[in-house]
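Taken together, the values in this text are just the output of simple stated rules run on the coordinates, not laboratory data. Treat the numbers as computed from the prediction; the structure is a model and nothing was measured. Cβ: placed from backbone, ideal geometry, glycine included. Neighbour counts: every protein chain shown.
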Amino acid sequence: MFFLAVFAAVVTEELGMQTMVTLRVAAWLIDTAWYLIIAVLISTGPVLAYLQRYDHVVNTLMAALLLLLGVISLRREFA
């Protein structure tokens, strides 16, 4: 959604194929770099130790969040 919002203002029908490909590659590189940075930060050092120490809390919060999202989806589907 972020890239869609950013590129919606920039992308027009008049742009050439090379510009469109460059924009797509740039978006892919930025997105990939972001996820790699987050993965490295979470899987090493003090963040990993914190997550391991409080894994039961993290798992419980994630389960509650997913349950809430499921209930919201079902309510929208059958409302």
Q. Using the alpha-carbon atoms, what tilt in degrees (0 to 90, nearest 10) does helix 17-43 show relative to the longest principal axis of the chain?
A. 20
**Q.** Most mobile of Leu51, Leu23, Leu41 in a GNM of the chain (Cα contacts under 10 Å)
**A.** Leu23
Q) If r is the Cβ-Cβ distance from Leu61 to Ala26 and R0 is 30 Å, what FRET efficiency results, to the nearest 0.05? A) 0.30
(Q) Ratio of alpha-carbon Rg to the 2.2 N^0.38 Å globular estimate for the chain, to two decimals, please. (A) 1.68
